[in-house]
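Q: I'd like to ask some things about the structure below.
The values are calculated or read from the model by the stated rules, or taken from the named source; none is laboratory data. Just so it is clear, the structure is predicted and the values come from calculations on it, not from any experiment. Cβ coordinates were reconstructed from backbone atoms using ideal geometry, including for glycine residues, and neighbour counts include every protein chain displayed. The area values use the complete protein model at the heavy-atom level, side chains included, leaving out ligands, DNA and RNA. Shrake-Rupley method; radii C 1.70, N 1.55, O 1.52, S 1.80 Å.
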Amino acid sequence: MAFFEGVKMTGGYGTGPDIINSCSINVNRGEIVSILGPNGAGKSTAMKALLGLINLKSGSIAINGKDISKLSPQDRVREGISFVPQTKNVFAGMSVEENLEMGAYLREGDYQNIIDEIYELFPILKEKRNQLVGELSGGQRQQVALGRALMIKPSVLMLDEPTAGVSPIVMDELFDHIIKVKRTNVAILMVEQNAKQALNISDRGYVLVTGENRYSGTGKELLNDPRVRSSFLGG
Amino acid sequence: MDFLNAIILLLNYIFVPALTYGSQLALGAIFVTIIYGILRFANFATGDMMAFGTMVTILITWYFQSIGISLGVLPTALLAIPFAIFFMIGYMLFVDKFVFRYYRVNKSPPVQLAMVSIGVMFVTQAVVRIIIGPSDRRFFDGEKFIIKAGEFKEMTGLNEGLAIKSSQVLTIFITLILVSILFWFLNKTKTGKSMRAYSDNEDLALLSGIDPKRVVMITWIIAGILATIGGALYGLDKSFKPFTYFNNMLPIFAAAIVGGIGNPFGAFLGGYVIAFSEIFITYAYKKFFMYILPESMEPETLVQLLSTDYKFAVSFSILVIVLLYRPNGIFKGKVL
Ligand SMILES: Nc1ncnc2c1ncn2[C@@H]1O[C@H](COP(=O)(O)OP(=O)(O)OP(=O)(O)O)[C@@H](O)[C@H]1O
Ligand SMILES: [Mg+2]
């Protein structure tokens, strides 16, 4: 059994149609798992389901063997699951440091040492610590979003398109950071549009189409799979 | 000498009154802006909630006076305000629990909540009128003036007197202290920052583990404090008439919008912008020009841009102009 897993999840938004159908995803500690697929496939929705932001009709979610299907999103955060949404993933009207402090909201006691760790990981944030996040560049903002999510020292980190809208160089940097985080024994689940690069650093991957698992395998297998190549990796 | 007289004239009739009135508006505007920033609706009950808080202050003041408690030179109301605040916090939480919560839980659109607040306004208004009546009441006791106009003239030998009322000094002093504490709370404490985070990005605040119930509760507590103090200071300085409080909502909302709705520091400054504009535009400058111009050029009219009867037109015009040209307010800065 994997460290964090969603099994046969089916559900959608409110009373609308099912967006994900019997979708299963799992990730172990120290592993990077990518979720790929066309726009509107339900990748973000699957992540929201794992965090409890949408109600499932069926399926279950467990972390470390404990069933958390019935827990609220906040309680799942307490279980060590951190999520960086695709949009609006920072507090734009607050400073960099305040964003990190908010990430540590659930932590008791002093967290200055964790902030220092984040600054070591993302030196640019230390430089801009007192600047409003709304005034940072897109790439810097993604680092703030990642930093905020790391403040609770999560055991599972879910990233929805962490490299959206950043230049190739910054993208490589962000991926480097993500690999560093993985080495601290965190289970990382990410949705990515830059499929090739994502698979390159991923241990495993899933390809989702219309809310269902279509292909899955190790990063290498998916990269070399002709069907995946032709339809999702652009030849 | 004439020049000094002219300055004293402006201080006496514009600067001191505007600073006082601005402080009173600022407290109301911060109240509006915090409710808007966190609960995301325009609270039309603001004015009447402030009237309610003032009424409670007055009732407690009367009680203290009846049993012979007083603060000497200071108004007894100052002693009553802390008790009134406790009562008002209870009132705010009560209204939230039985009225606003339902719509919040159902994720009603902001317009619906604003309509609901109009209902709360009518009920609050009615309760105030049933309990204390609609008439004008003065509840200021203690020493009325810090400097009297006559004394000032004698002291300085100028023609113009400068009168400073203790209610004016109290208003400015208490406002500055209260607002400093509030900004310290919002910018430096963990709870305050979590409120700003909730206002900034509600979903991400929830994902960070911030408890929305706590944020809402503290918002109403702050609202209770601001409503009581803002209302009582206005009543001490002028007089307490419930209808005036309802009318004051126009300049208060104008101040909140000038400052950029949702931005407490903007609302604070906005209060002064509105107060100074209102008084600048409705003041009759005839005497001022008589001091500074040679006799031959003395004005024959009052030199008043707008009669005081139309003072609300000033807030209204500012409101319209700001909404048209700077809908996010005229100040840059952190949104709550
Ligand atoms: N809040 C919402 N309410 C209702 N329907 C939604 C909501 N969010 C997404 N959907 C619908 O769910 C489907 C899947 O959306 P989702 O965001 O999961 O796609 P995605 O795979 O993340 O796509 P992308 O790569 O574009 O981010 C879409 O058809 C979308 O219209
Ligand atoms: Mg998505």
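Q: Kindly tabulate the residues in the range B:173-212 with an accessible-area decrease of at least 50 Å² between the chain alone and the assembly of all protein chains, using a probe of 1.4 Å.
A: Listed in order, they are B:K190, B:K193, B:D200, B:N201, B:L204, B:L207, B:S208, B:G209.
Q: Related question: Over 40 Å, how big is the tail of the calculated P(r) for the protein assembly as shown, in percent of all Cα pairs?
A: Pairs farther apart than 40 Å: 41 percent.
Q: Give the Kirkwood hydrodynamic radius (Å, one decimal) of chain B, defined as one over the mean of 1/r across all pairs of different Cα atoms.
A: 21.1
Q: Something else about it: Given +1 on the Cβ of Lys and Arg, -1 on the Cβ of Asp and Glu, and no further charges, what dipole in debye does the range B:135-252 carry about its Cα centre, rounded to the nearest 20?
A: 180
Q: Further question on the same structure: Given axes a ≥ b ≥ c from the Cα gyration tensor, I'd like to know whether the range B:129-270 is rounded (a/c under 1.5), prolate (a/b larger than b/c) or oblate.
A: prolate
Q: Using 1/(1 + (r/R0)^6) with R0 = 22 angstrom and r between the beta carbons of B:F94 and B:T191, what's the FRET efficiency to the nearest 0.05?
A: For R0 = 22 Å, the calculated efficiency reads 0.50.
Q: If you don't mind, there's one more thing I want to ask. Under unit Cβ charges (Lys, Arg +1; Asp, Glu -1), what dipole magnitude, rounded to 20 debye, does the range B:30-257 have relative to its Cα centre?
A: 460
Q: Is the shape of the range A:81-147 rounded, prolate or oblate, going by the alpha carbon gyration tensor and its root eigenvalues a ≥ b ≥ c, with a/c under 1.5 for rounded and a/b larger than b/c for prolate?
A: Taking the square roots of the gyration eigenvalues as a ≥ b ≥ c, the range A:81-147 is oblate.
Q: Can you tell me the FRET efficiency between B:R129 and A:S72 if r is taken as the Cβ-Cβ distance and R0 is 41 Å, rounded to the nearest 0.05?
A: Using R0 = 41 Å, I get an efficiency of 0.40.
Q: Using amide H atoms built in the peptide plane, which far-off residues or other-chain residues are under 5 Å from A:E212 H to H?
A: Correct list: A:N21.
Q: Which angle between 0 and 90 degrees, to the nearest 10, do you get for helix A:138-150 versus the longest principal axis of chain A when only C-alpha atoms count?
A: Tilt relative to chain A: about 90 degrees.
Q: Okay, moving on. Which helices, counted as full DSSP H runs in chain B, have an axial Cα extent of no less than 18 Å and a Kyte-Doolittle average of 0.5 or above?
A: Span-like helices, by this rule, are B:16-39, B:46-66, B:77-95, B:110-132, B:166-188, B:212-237, B:264-282, B:311-325.
Q: Okay, next question. Which of rounded, prolate or oblate describes the range B:84-125 when judged by the alpha-carbon gyration tensor and an a/c cut-off of 1.5?
A: oblate
Q: In Å², nearest 100, what accessible area do chains A and B bury in total when the solvent probe is 1.4 Å?
A: 1900
Q: Which three extents, in angstrom, do the Cα atoms of the range B:15-62 have along their principal axes, listed largest first?
A: Answer, in whole Å and largest first: 36, 31, 13 Å.
Q: Could you work out how far the C-alpha centroid of the range B:206-261 sits from that of the range A:115-188, in angstrom?
A: 38
Q: Would you work out the relative contact order for chain A, in percent, from Cα pairs under 8 angstrom that are 6 or more residues apart?
A: Computed value for chain A: 28 percent relative contact order.
Q: Over the range A:123-235, with every protein chain in place, what whole percent of the accessible area is carbon and sulfur at 1.4 Å, could you tell me?
A: Carbon-and-sulfur percentage of accessible area, whole number: 47.
Q: Calculate, for B:T156 and B:K238, the FRET efficiency according to 1/(1 + (r/R0)^6) with r their C-beta to C-beta distance and R0 41 Å; round to the nearest 0.05.
A: Efficiency at R0 = 41 Å is approximately 0.90.
Q: Can I ask one more? Placing +1 on the Cβ of each Lys and Arg and -1 on the Cβ of each Asp and Glu in chain B, which of B:F52, B:L233, B:N187 has its Cα farthest towards the positive end of the resulting dipole?
A: Farthest along the dipole direction, towards plus: B:N187.
Q: Would you mind calculating the gained length between B:V303 and B:I177 on full extension (0.36 nm times residue separation, minus the Cα-Cα distance), in nm to one decimal?
A: Extra length available between B:V303 and B:I177 comes to 41.7 nm.
Q: Where the only charges are on Cβ atoms (+1 Lys, Arg; -1 Asp, Glu), what is the dipole of the protein assembly as shown about its Cα centre, to the nearest 20 debye?
A: 1240
Q: Let me ask something additional. For the range A:11-103, taking Cα atoms only, what is the radius of gyration to one decimal and the Dmax to the nearest whole Å?
A: Over the range A:11-103's Cα set, Rg and Dmax evaluate to 14.6, 41 Å.
Q: Right, another one. For a quick check: with amide H placed at 1.01 Å from N, whose amide H comes under 5 Å from A:G12's, ignoring anything fewer than 5 positions away on the same chain?
A: A:I19, A:K57
Q: Of the beta bridges DSSP finds with both residues in the protein assembly as shown, what % are antiparallel, to the nearest 5?
A: Given both bridge residues lie in the protein assembly as shown, the antiparallel proportion sits at roughly 60 percent.
Q: Here is a further query. Please report, in Å, the Rg and the Dmax of the range A:115-186, where both are computed over Cα atoms only.
A: 11.6, 33
Q: Hey, what's the per residue convex hull volume over the C-alpha atoms of the range A:62-178, in cubic angstrom?
A: 110
Q: Moving to a separate point now. Could you tell me which residue out of B:L305, B:I35, B:F253 lies farthest along the dipole of the protein assembly as shown toward its positive end? Charges go on the beta carbon: Lys and Arg +1, Asp and Glu -1, centred on the Cα centre.
A: Result: B:I35, furthest along the dipole toward the positive end.
Q: If you wrap a convex hull around the Cα atoms of the range B:213-336, how much volume per residue is inside, in Å³?
A: 144
Q: Let me ask you something else. So what is the relative contact order for chain B, in percent, with contacts set as C-alpha pairs under 8 Å and at least six apart?
A: 31 percent.
Q: Taking the range B:30-257, how many lysine pairs are there with alpha carbons less than 13 Å apart, if each pair must be eight or more places apart or span two chains?
A: 5
Q: Let me ask another. Can you give the direction-averaged projected area of the convex hull of the alpha-carbon atoms in the range B:102-211, in nm²?
A: 12.8
Q: Please give the residues from the range A:79-106 for which the solvent-accessible area of heavy atoms, probe 1.4 Å, is smaller by at least 40 Å² with all protein chains in place than with the chain isolated.
A: Residues shielded by partner chains are A:K88, A:F91, A:G93, A:M94, A:E98, A:M102, A:Y105.
Q: Using only DSSP helix segments of four residues or longer, with each worth -39500 (n - 2.57), what per-residue ellipticity at 222 nm results for the protein assembly as shown after dividing by its residue count and rounding to 500?
A: Rounded to the nearest 500, it is -17500 deg cm²/dmol.
Q: Please report the projected area of chain A's Cα convex hull averaged over all directions, in nm².
A: 12.4
Q: Now a separate question. Write down Rg/Rh for the range B:1-133, rounded to two decimals, with Rg from the C-alpha atoms and Rh from the Kirkwood relation over Cα pairs.
A: Here Rg/Rh amounts to 1.11.
Q: Please compute the per residue accessible area over the protein assembly as shown with all protein chains in place, 1.4 Å probe, rounded to a whole number of Å².
A: Each residue of the protein assembly as shown exposes 44 Å² on average to a 1.4 Å probe.
Q: How large is the direction-averaged shadow of the alpha-carbon convex hull of the range B:169-244, in nm²?
A: Result: a mean projected hull area of 6.1 nm².
Q: Sticking with this one: Of the heavy-atom accessible surface of the range B:30-257 (probe 1.4 angstrom), what whole percent is carbon and sulfur?
A: Carbon and sulfur: 68 percent of the exposed surface of the range B:30-257.
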